[in-house]
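The values are calculated or read from the model by the stated rules, or taken from the named source; none is laboratory data. Bear in mind that the values here come from a model prediction, so they are computed numbers and not experimental data. Glycine also receives a Cβ, built like all others from the backbone with ideal geometry; neighbour counts cover every protein chain displayed. Protein only, heavy atoms only, side chains kept; ligands, DNA and RNA dropped before computing areas. Shrake-Rupley method; radii C 1.70, N 1.55, O 1.52, S 1.80 Å.
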Amino acid sequence: MTASTTVVESSRPGDEAAVTGLITPRVRRQHQRPLVLTISIRGLSVLGVFVAWWLIARHVANPSKLPTPLEVYHNYGYLFSHEDLWGNLGDSLQRSLKGLIIGGSIGFALGALSGLTALGEESVDIPMQLLRFTPFLALIPLFITWFGLGEKPKIILLSIACATPIYLNTANAMRHVDRKTLEASRSFGLSGLRLIREVTLPLSLPGILTGLRFSMAISVLGLVAAEQINANSGIGAMLFNASGNFDTPTVFCCVVVYMLIGVCFDLIVALISALALRWRAGVAAR
Amino acid sequence: MNSSSSPLAVRLQGVRRSFGDFVALGGVDLDMREGEFVALVGKSGSGKTTLLRILAGLDSPDVGTVLVPQRRTVVFQEPRLIPSKKVWRNVVLGLPRSAENRAAARKALEVVGLSHRENVWPATLSGGEAQRVALARALVRQPKLLLLDEPFAALDALTRRQMQTLIGELIENFQPATLIVTHDVEEAILLADRIILLREGHFAHEVTVDIPRPRRVGGAVFDELRLSLLQELGVDE
């Protein structure tokens, strides 16, 4: 605590001495940040990564082990013309979307069940938590013996991996919707599906979207594992093969492709947030 | 108490604040002396809360001088307790962890009659209890300026009366300069030395309350004052 000056001579009104010991408070005001500044800082942060990469590649690392950004850029030309990058990307996106939709739906449904009712939580929570800690990478050989070498094992693997983050976040968000708000809504006659649709779901959406973001990332990262099965197509297979061949530029190309997919997925979530979470503007800390 | 000779606790000069086209405060001057209790009454949107937020240092005027003591505390309309801290830790929020402050928290909770609740989570408190904790939190710092933003608005009539009595006693003992923002004319007359009526961002009316303390609702002087204030507010009875 800051002690203020306590000894103030008693004086007549209006006397300047009477004002001693008082301060003008410093106010923490929320400024509307200029868009140009925001975009510049974000852009510079990305540029900074590339500059650091370039500096390390040029001056520190062994050229055969770490390509420069420019070499990686030139490698794309080769990958597009000789390795069918577009085709592989298409295959991969299809797989990850299938996994995301199947796994995400199951995760969401079970999460809602577990978050909304005690019986639901008792029935599904422990199995889902066990699933969450299943080392599915180690199960790939088993998946092949069960489901063959086609698309099936890949989609199932991705679905399982995508289900748990959405499950966890949906259950948690729905369980922690403000009790008083629910009570008020119930007192006005909302119940059942209508209560869920109009109150519970919108209020737990921020948490659900966090789960979706995790699941989106896993749906893409899981490709590296899933496409090891009969590794003949997909960006994950490309990465897996290039990594095995110490083809560093291609590895970097694939990593950058992953990042770009991530950026696109995040844009989708940002769009959903902008449309569905407008009510949060006056609630958040900043 | 005779506060006209006490040192200044607050000085506002030409304070203006607008939000877009809406002028919340259109240039107000206010001097408050140590130990003085001022009530700010007015309709919704008259600028009461804006003035309080400026005094608290939560908002700043577009133009004008603001001089306030370093040590000032606020009791908001809602308790605003930190749900993840036990009651007594809420009371010493922001203070250094020490045995002294722990003892001060205990004492402040005793003063507001909540010693038995010091180790519970805020979520388990009733509305009146939570607001008393908020009051203890404001008092434990021994403020030079205590700001009360409709602190009893959400309480039931009985709890409100108890809180008003409690605040009256506490302020007699601690003697901070106090500004209360309220809709309730009776509350203003019960508690304040001076009542200022705010209308569309300007001080429209000001009265000194000469009723001796402790005050109670009723009596000729009280009723006359109440009626005149209600008329100024534009409420017909």
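Every residue, every condition in (1) at pLDDT below 95; (2) open to solvent by 40 Å² or more (accessible area, probe 1.4 Å), yes or no:
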{"site": "A:LEU35", "(1), (2)": "yes, yes"}
{"site": "A:LEU44", "(1), (2)": "no, yes"}
{"site": "A:LEU66", "(1), (2)": "yes, no"}
{"site": "A:GLU83", "(1), (2)": "yes, yes"}
{"site": "A:ILE106", "(1), (2)": "no, yes"}
{"site": "A:ALA109", "(1), (2)": "no, yes"}
{"site": "A:ALA112", "(1), (2)": "no, no"}
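Just the residues that are under 23 Å from the mean Cα position of the chain (by Cα) and polar (S, T, N, Q), please, taken from the stretch B:79-114.
Across the stretch B:79-114, the qualifying residue is only B:ASN90.
Considering each of B:GLU169, B:GLU200, B:GLU187 in turn, give the residue that is touching a residue at least 60 places away in the same chain (Cβ under 8 Å), surrounded by fewer than 15 Cβ atoms within 10 Å (Cβ to Cβ) and not small (Gly, Ala, Ser).
B:GLU200
Which of the residues that make up the stretch A:217-234 are part of a helix (DSSP H, G or I) and open to solvent by less than 50 Å² (accessible area, probe 1.4 Å)?
A:ALA217, A:SER219, A:VAL220, A:GLY222, A:LEU223, A:VAL224, A:ALA225, A:ALA226
Restricting the search to the stretch B:180-237, which residues are acidic (Asp, Glu) and either within 15 Å of the chain's Cα centre (by Cα) or under 30 Å from B:PHE19 (Cβ atoms) (or both)? Don't jump to the end; show me each part of the working.
Of the residues in the stretch B:180-237, the ones acidic (Asp, Glu) are B:184, B:186-187, B:193, B:200, B:206, B:210, B:223-224, B:232, B:236-237.
Once the filter is applied, which keeps residues that are acidic (Asp, Glu) and either within 15 Å of the chain's Cα centre (by Cα) or under 30 Å from B:PHE19 (Cβ atoms) (or both), the stretch B:180-237 yields B:ASP184, B:GLU186, B:GLU187, B:ASP193, B:GLU200, B:GLU206, B:GLU232.
Would you mind finding the one in B:VAL41, B:VAL15, B:VAL28 that is within 14 Å of chain A (Cβ to nearest Cβ), surrounded by 15 or more Cβ atoms within 10 Å (Cβ to Cβ) and under 21 Å from B:THR182 (Cα atoms)? Step through it out loud before you land on a result.
Numbers: B:VAL41 fails: within 14 Å of chain A (Cβ to nearest Cβ); B:VAL28 fails: within 14 Å of chain A (Cβ to nearest Cβ).
Only one candidate qualifies: B:VAL15.
Looking at B:GLU129, B:GLU150, which one is closer than 26 Å to A:LEU22 by Cβ and of a type in the set (Asp, Glu)?
After ruling out the rest, the residue left standing is B:GLU150.
Identify the single condition in (1) farther than 29 Å from A:THR20 by Cβ; (2) open to solvent by 50 Å² or more (accessible area, probe 1.4 Å); (3) part of a loop (DSSP other than H, G, I, E, B) that B:LEU58 does not satisfy, given that it satisfies every other one.
Every listed condition holds for B:LEU58 apart from (1).
Is it the case, given these coordinates, that A:SER64 is closer than 30 Å to A:ILE160 by Cβ, touching a residue at least 40 places away in the same chain (Cβ under 8 Å) and of a type in the set (Ser, Thr, Tyr)?
no
May I ask you to list the residues in the stretch A:48-71 that are assigned to a loop (DSSP other than H, G, I, E, B), of a type in the set (Val, Ile, Thr) and more than 13 Å from A:PHE252 (Cβ to Cβ)?
Correct list: A:VAL60 only.
Which strands (runs of 3 or more DSSP E) sit wholly inside the stretch B:164-219 and have at least 3 residues that are out of contact with any Lys or Arg (no Cβ under 8 Å at 6 or more places or on another chain) and closer than 18 Å to B:GLY45 by Cβ?
Passing ranges, in order: B:202-208.
Which one of B:VAL140, B:VAL185 is within 14 Å of chain A (Cβ to nearest Cβ) and of a type in the set (Val, Ile, Thr)?
One residue alone meets the criteria, B:VAL140.
Please work out if B:VAL68 is surrounded by 21 or more Cβ atoms within 10 Å (Cβ to Cβ), assigned to a strand (DSSP E or B) and touching a Pro at 6+ places or on another chain (Cβ under 9 Å).
Criteria met by B:VAL68.
Check A:LYS98 against each of (1) open to solvent by 60 Å² or more (accessible area, probe 1.4 Å); (2) modelled with pLDDT of 95 or more; (3) within 17 Å of A:GLY207 (Cβ to Cβ) and name the one condition it does not meet.
(3)
State all residues of the stretch A:114-163 that are in contact (Cβ under 8 Å) with a residue 24 or more places away in the chain, of a type in the set (S, T, N, Q) and open to solvent by 40 Å² or more (accessible area, probe 1.4 Å); if no residue qualifies, say none.
The one that is in contact (Cβ under 8 Å) with a residue 24 or more places away in the chain, of a type in the set (S, T, N, Q) and open to solvent by 40 Å² or more (accessible area, probe 1.4 Å): A:THR134.
Residue check, B:PRO83 against (1) within 13 Å of chain A (Cβ to nearest Cβ); (2) open to solvent by less than 70 Å² (accessible area, probe 1.4 Å), all met but one. Which one?
Looking at each condition in turn, B:PRO83 falls short on (2).
May I ask you to verify whether A:ILE156 is within 24 Å of the chain's Cα centre (by Cα) and farther than 28 Å from A:ARG197 by Cβ?
yes
Residues checked against (1) surrounded by 14 or more Cβ atoms within 10 Å (Cβ to Cβ); (2) more than 29 Å from B:ALA157 (Cβ to Cβ):
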residue	(1), (2)
B:ASN90	yes, no
B:GLY94	no, yes
B:ASN101	yes, yes
B:ALA104	yes, yes
B:LEU125	yes, no
B:ARG132	yes, no
B:VAL140	yes, no
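Hey, any hits in the stretch B:51-62 for a residue that's more than 10 Å from chain A (Cβ to nearest Cβ) and in contact (Cβ under 8 Å) with a residue 60 or more places away in the chain?
Within the stretch B:51-62, the subset more than 10 Å from chain A (Cβ to nearest Cβ) is B:51-52, B:62.
Next, from what is left, pick out any that are in contact (Cβ under 8 Å) with a residue 60 or more places away in the chain: B:51-52.
Checking the stretch B:51-62: at least one residue is more than 10 Å from chain A (Cβ to nearest Cβ) and in contact (Cβ under 8 Å) with a residue 60 or more places away in the chain.
Considering only residues that are in a helix (DSSP H, G or I) and surrounded by fewer than 17 Cβ atoms within 10 Å (Cβ to Cβ), which ones fall in the stretch B:107-118?
Of all residues in the stretch B:107-118, those in a helix (DSSP H, G or I) come to B:107-111, B:115-117.
B:LYS107, B:GLU110, B:SER115, B:HIS116 - these are the residues of the stretch B:107-118 that are in a helix (DSSP H, G or I) and surrounded by fewer than 17 Cβ atoms within 10 Å (Cβ to Cβ).
Tell me, yes or no, whether the stretch B:73-80 has at least one residue that is buried (at least 23 other Cβ atoms within 10 Å of the Cβ), touching a residue at least 60 places away in the same chain (Cβ under 8 Å) and either within 12 Å of chain A (Cβ to nearest Cβ) or part of a loop (DSSP other than H, G, I, E, B) (or both).
The answer is no; no qualifying residue exists.
Modelled with pLDDT of 90 or more and either farther than 29 Å from B:GLY27 by Cα or in a strand (DSSP E or B) (or both) - does that describe any residue in the stretch B:150-163?
Within the stretch B:150-163 (the criterion being modelled with pLDDT of 90 or more and either farther than 29 Å from B:GLY27 by Cα or in a strand (DSSP E or B) (or both)), the answer is no, since none of the residues qualifies.
Could you check, for the stretch A:202-216, whether at least one of its residues is open to solvent by less than 60 Å² (accessible area, probe 1.4 Å), modelled with pLDDT under 95, over 21 Å from A:ALA276 (Cα atoms) and in a helix (DSSP H, G or I)?
No, the stretch A:202-216 contains no residue that is open to solvent by less than 60 Å² (accessible area, probe 1.4 Å), modelled with pLDDT under 95, over 21 Å from A:ALA276 (Cα atoms) and in a helix (DSSP H, G or I).
Looking at A:PHE252, A:PHE246, A:PHE240 in this structure, which one is of a type outside the set (S, T, N, Q), open to solvent by 30 Å² or more (accessible area, probe 1.4 Å) and outside any helix (DSSP H, G or I)?
When all the criteria are applied, what remains is A:PHE246.
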